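Just so it is clear, none of the values below were taken in a lab; they were calculated from the coordinates. Nothing here was measured: the structure is a model prediction, and the numbers come from that model. Here the Cβ is made from the backbone with ideal geometry for all residues, glycine too, and neighbour counts use every protein chain on show.
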Ligand SMILES: C[S@@+](CC[C@H](N)C(=O)[O-])C[C@H]1O[C@@H](n2cnc3c(N)ncnc32)[C@H](O)[C@@H]1O
């Protein structure tokens, strides 16, 4: 039977998608095979990293639905790699097959297996997990099927449970305490990363970030995974707790009840320096702007929200450029990918508040 749907173009790639697709938000399972237009930016970032930073040989798009991600990477970032594009749903794997054929890809093949079976007998240099909701149930299989030095790419759409909205769920899934706060997407992402680090350490594997970010309604992590007790211990050493006091705005790192979470950098500086944004992406300008911020963003946890401080001091938010300029004359300051009105600085809170008052 022929497949239903329509051909769309994302980046420079043609993709057959099913008749009902999600246009925005986390995406609902409308038909049997899933496609969400809003994830084009997420896929653009994968294409950009494959063009400039990632050099794996055997790759697995483990939960591929129509195959959009793996198909786009193979078509738009040609290289010496081979992609297995897999989904456990037999109908999805027929869309993948059709999309491999449509784009004449010689370095991609469609599979139809539960990823846990596939990863029990095959090894990959890069594994991409893109589930509905939490990726945690799939992490052990991915760690098992990873080469000695591999890359794990993970999308997580259960941001609410990680960011303090459902603390009980966060404890059960991530074995960590969360709390709602003005920088909750950063604390949520760090809890997610911390849980993966702990799971990897159980298998004597260390995890370091290449690029971890929040966008739209999801967290996305590109992580380097290396084998060895030493690297596992080094990753664990970057975990800790933190606290936030809403009455003073104080973020205390290394103590408190929020966590455990990753307190190290969210970017690999070498990888970010190498990263280039190619032409022809679907969300060209947006991708360019994000890479610009990721490259400059300070590695200081946790960012401040302009509105949070203004409300605390009972002042109107100041002109953003003026505030960043004044902070920059006293210490280091940067924008943050987590919020267009947020900023990071290495200045102590007292100096942040003093500077804030001086420009209001
Ligand atoms: C959010 S969709 C993936 C979207 C896709 N990566 C994209 O960019 O359009 C999640 C997919 O995971 C598949 N899936 C769920 N559990 C799986 C498993 N255990 N093994 C393989 N695929 C699985 C589902 O059938 C579904 O197609």
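What translational D, rounded to a whole number of µm²/s, comes out for the chain from Stokes-Einstein when the hydrodynamic radius is the Kirkwood one over Cα pairs, at 25 °C and 0.890 mPa s?
It comes out at roughly 115 µm²/s.
Report the extension gain between residue 350 and residue 293 in nm, rounded to one decimal, defined as 0.36 nm multiplied by the number of residues separating them, less their alpha carbon distance.
The span from residue 350 to residue 293 would gain 18.0 nm if fully extended.
Report the label-to-label distance for residue 269 and residue 250 in nanometres (one decimal), using points 7 Å from each Cα along the Cα→Cβ vector.
3.0 nm
Report relative contact order for the chain in percent, whole number only (criteria: Cα-Cα under 8 Å, sequence separation at least 6).
Contact order relative to length: 13 percent.
Could you check which residue among 153, 273, 40 shows the biggest mean-square fluctuation in a GNM of the chain with a 10 Å Cα cutoff?
Highest fluctuation among the options: 273.
Just to confirm my numbers, what's the Cα centroid distance between the range 144-205 and the range 236-263 in Å?
Cα centroid of the range 144-205 versus Cα centroid of the range 236-263: 15 Å apart.
Can you order the peptides 41-53, 282-294, 330-342 by their average number of other Cβ atoms within 10 Å per residue, highest first?
Packing proxy ranking, top to bottom: 41-53, 330-342, 282-294.
Figure the gain on full extension for residue 330 and residue 236 (residue separation times 0.36 nm, minus the Cα-Cα span) and round it to one decimal in nm.
Gain on stretching residue 330 to residue 236: 30.5 nm.
Let me know the whole percent of all Cα-Cα pairs from the range 304-359 that are separated by more than 14 Å.
46 percent
I'd like the distance between the alpha-carbon centres of the range 46-65 and the range 283-360, rounded to an integer number of Å.
33 Å
What angle, in degrees between 0 and 90 and rounded to the nearest 10, separates the Cα long axis of helix 320-330 from the longest principal axis of the Cα atoms of the chain?
Helix 320-330 sits at roughly 70 degrees to that axis.
Can you tell me the 0 to 90 degree angle between the C-alpha axis of helix 40-52 and the longest principal axis of the chain, rounded to 10?
Helix 40-52 and the main axis of the chain meet at about 80 degrees.
Order these peptides, 247-254, 349-356, 54-61, by their mean beta-carbon neighbour count within 10 angstrom, highest first.
Per-residue mean Cβ counts within 10 Å order the peptides as 54-61, 349-356, 247-254.
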